[in-house]
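The values are calculated or read from the model by the stated rules, or taken from the named source; none is laboratory data. Everything numeric here is computed off the predicted structure, so don't read it as measured data. Positions of Cβ are generated from backbone atoms using ideal geometry, with glycine treated the same way; all protein chains shown enter the neighbour counts.
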Amino acid sequence: MPLANIESYAKDGAVADKADLWTYPETSDGWYRIHNTIKAEMAKFSAGIAACKSPLEAWQVEALQAYWKGHSDLTHDHHKHEDEMFTPMLKEKVNYPEKLEADHEALTKMMAGVDAAAGKLAAGGDVSALVAVFEPYRKTMEAHLKEEEEIVVPLMRAYFEPEFVGKKVEEIMKTMDKTLMGSFVHHQGSKKDFQAFQKQEGIPSFVWYLNFKACRAKYRAAMETRIQALLTGAAPTKKLISKKDLALAMKVGETAPGKYSWKITPESAAAPATAGNAT
């Protein structure tokens, strides 16, 4: 739904007149895409937990702990980018909702609770304590991400030029940890899907071969392999990177071919959002 009274957020005479400069829909924005990635990892972790029957085996404990660590790293990295880059940027022109910053603090505390529960997992035990803290975190995170999409993304596009924001996105992509970047790449879909994002952001196509493909493989070997193992109930014997070998992990949340419960897909054809029709 449109963000009502977008001009009312203005600070120090800032004008919400930049939305028409954006040539792709909000749902194709990098903000939505990294949120999809976070939601995908949460869905997969939840599925991995559900697949574990008591008593836990040592390899299951390792897989759950490693996957949570990877997801935690991704989420903290994303929050760091928001807190240190985008929130200060937005505050220059808009009155930024205090609740969104408070949410980060609350989520950090919830993640610490999951850290503790994951750290206490042990062979011969069960996942009940982990579920008790992870699922509330997941629900809270999903609500927070939705709120950012409905408020922050329209504000950013209304008050800032795409070129200005693009420089910050470029900085993030150049410095992001390769495994975390691999998760972002992997959860966009196919090579074709990610290269469409590259084109959108003005990233040369050859960078796929120089960097992004290897990042995706690194993520699959480190993270997706563990979800596949948990879902099959068999300890991993090697690192997996092919779609065929990771079939179960890659189908988590699938509602139809190419459609996922955790994924808001870019609109196939849409006019740029404006202050009046931002969603």
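Does A102 satisfy the criteria of being surrounded by 19 or more Cβ atoms within 10 Å (Cβ to Cβ), under 25 Å from D29 (Cα atoms) and more than 18 Å from the chain's Cα centre (by Cα)?
Numbers: surrounded by 19 or more Cβ atoms within 10 Å (Cβ to Cβ): no; under 25 Å from D29 (Cα atoms): yes; more than 18 Å from the chain's Cα centre (by Cα): yes.
The answer is no for A102.
Would a scan of segment 198-209 turn up a residue that is on the phi > 0 side of the Ramachandran plot and either more than 18 Å from the chain's Cα centre (by Cα) or of a type in the set (A, V, I, L, M, F, W, C) (or both)?
So far as segment 198-209 goes, yes, one or more of its residues are on the phi > 0 side of the Ramachandran plot and either more than 18 Å from the chain's Cα centre (by Cα) or of a type in the set (A, V, I, L, M, F, W, C) (or both).
Among the residues in segment 158-178, are any touching a Cys at 6+ places or on another chain (Cβ under 6 Å), at pLDDT 95 or above, surrounded by 13 or more Cβ atoms within 10 Å (Cβ to Cβ) and assigned to a helix (DSSP H, G or I)?
yes
Going by the conditions given, is K93 exposed (fewer than 14 other Cβ atoms within 10 Å of the Cβ) and at pLDDT 95 or above?
Working: exposed (fewer than 14 other Cβ atoms within 10 Å of the Cβ): no; at pLDDT 95 or above: yes.
Here the answer is no, as K93 does not meet what is asked.
Can you tell me which of (1) within 23 Å of I34 (Cβ to Cβ); (2) without any contact (Cβ under 8 Å) to a residue 24 or more places away in the chain is the one V133 doesn't meet?
Checking V133 against (1) within 23 Å of I34 (Cβ to Cβ); (2) without any contact (Cβ under 8 Å) to a residue 24 or more places away in the chain, the one that fails is (1).
Quick check, is L155 under 25 Å from A14 (Cβ atoms) and either assigned to a helix (DSSP H, G or I) or not charged (D, E, K, R) (or both)?
yes
Scan segment 1-50 residue by residue and report those that are farther than 28 Å from Q188 by Cβ and either among the basic types (K, R) or surrounded by fewer than 19 Cβ atoms within 10 Å (Cβ to Cβ) (or both).
Across segment 1-50, the qualifying residues are A4, N5, E7, S8, A10, K11, D12, G13, A14, V15, D17.
Please find, among F206, F160, F197, F184, the residue that is more than 18 Å from I34 (Cα to Cα), in contact (Cβ under 8 Å) with a residue 40 or more places away in the chain and either out of contact with any helix residue (DSSP H, G or I) (no Cβ under 7 Å at 6 or more places or on another chain) or not hydroxyl-bearing (S, T, Y) (or both). Show your work before the answer.
Values: F206 fails: in contact (Cβ under 8 Å) with a residue 40 or more places away in the chain; F197 fails: more than 18 Å from I34 (Cα to Cα); F184 fails: more than 18 Å from I34 (Cα to Cα).
Only one candidate qualifies: F160.
Residues of segment 1-44 being free of Cβ contacts under 8 Å to residues at least 60 places away in the same chain and part of a helix (DSSP H, G or I), which ones?
Matches in segment 1-44: S8 only.
Looking at E147, is it surrounded by fewer than 16 Cβ atoms within 10 Å (Cβ to Cβ) and either under 20 Å from R220 (Cα atoms) or modelled with pLDDT under 95 (or both)? Show your work before the answer.
Working: surrounded by fewer than 16 Cβ atoms within 10 Å (Cβ to Cβ): yes; either under 20 Å from R220 (Cα atoms) or modelled with pLDDT under 95 (or both): no.
Considered against the rule, which asks whether it is surrounded by fewer than 16 Cβ atoms within 10 Å (Cβ to Cβ) and either under 20 Å from R220 (Cα atoms) or modelled with pLDDT under 95 (or both), E147 comes out as no.
Would you check if K243 is basic (K, R) and under 14 Å from A43 (Cα atoms)?
Criteria not met by K243.
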